[in-house]
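Worksheet for the structure shown next.
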Ligand SMILES: [Zn+2]
């Protein structure tokens, strides 16, 4: 069964946390058998992520420039961080629902 929730090696549901904690590295370790998995065809997701990150940095700069104080800088940093975590949450949910997991070829990965 090829979907975004079940490990192609052992067939178990990998759960939400491994996907969320992997962040943008997209290297997910199966909590059941330890296989290294990744999502295929996820470049559209990465492209959206890069756009969101750029937008976040731009927003942070606008916020700090407008007020020019350390407290504002700290607040904007926290806002960016929280927004980023929310984005990761959405991405993890999206990948689980719409993408398919595939096994990373560990032999070729070790050659690098
Ligand atoms: Zn597994």
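The values are calculated or read from the model by the stated rules, or taken from the named source; none is laboratory data. Model, not experiment: these values are computed from the prediction. Note that each Cβ is placed from the backbone with ideal geometry, even for glycine, and that neighbours are counted across all protein chains shown.
Answer with yes or no whether residue 52 is away from the ligand (no atom under 16 Å from the Cβ), under 11 Å from the mean Cα position of the chain (by Cα) and either within 18 Å of residue 93 (Cβ to Cβ) or not in a strand (DSSP E or B) (or both). It is false that residue 52 is away from the ligand (no atom under 16 Å from the Cβ), under 11 Å from the mean Cα position of the chain (by Cα) and either within 18 Å of residue 93 (Cβ to Cβ) or not in a strand (DSSP E or B) (or both).
Here is a yes/no grid of residues against (1) at pLDDT 80 or above; (2) touching a strand residue (DSSP E or B) at 6+ places or on another chain (Cβ under 8 Å):
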residue	(1), (2)
37	yes, yes
41	no, no
44	no, no
48	yes, no
57	no, no
68	no, no
72	no, no
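Under 8 Å between Cβ atoms, which residue pairs at least 6 apart in sequence (or on different chains) link something in the stretch 29-45 that is on the phi > 0 side of the Ramachandran plot with a partner that is away from the ligand (no atom under 15 Å from the Cβ)? Sorted first by the residue in the stretch 29-45, then by its partner, the pairs are 41/99. Within the stretch 36-46, being over 15 Å from residue 98 (Cα atoms) and either surrounded by fewer than 17 Cβ atoms within 10 Å (Cβ to Cβ) or away from the ligand (no atom under 13 Å from the Cβ) (or both) holds for one residue alone: 36. With respect to the stated conditions, residue 33 is surrounded by fewer than 16 Cβ atoms within 10 Å (Cβ to Cβ) and within 10 Å of the ligand (Cβ to nearest atom).
Across the stretch 11-30, which residue is nearest to the ligand (Cβ to nearest atom) among those that are part of a loop (DSSP other than H, G, I, E, B) and surrounded by fewer than 17 Cβ atoms within 10 Å (Cβ to Cβ)? Among residues in the stretch 11-30 that are part of a loop (DSSP other than H, G, I, E, B) and surrounded by fewer than 17 Cβ atoms within 10 Å (Cβ to Cβ), the one nearest to the ligand (Cβ to nearest atom) is 12.
Checking each residue in the stretch 1-10 for being in contact (Cβ under 8 Å) with a residue 40 or more places away in the chain and near the ligand (Cβ under 10 Å from one of its atoms) picks out 6, 7, 8, 9.
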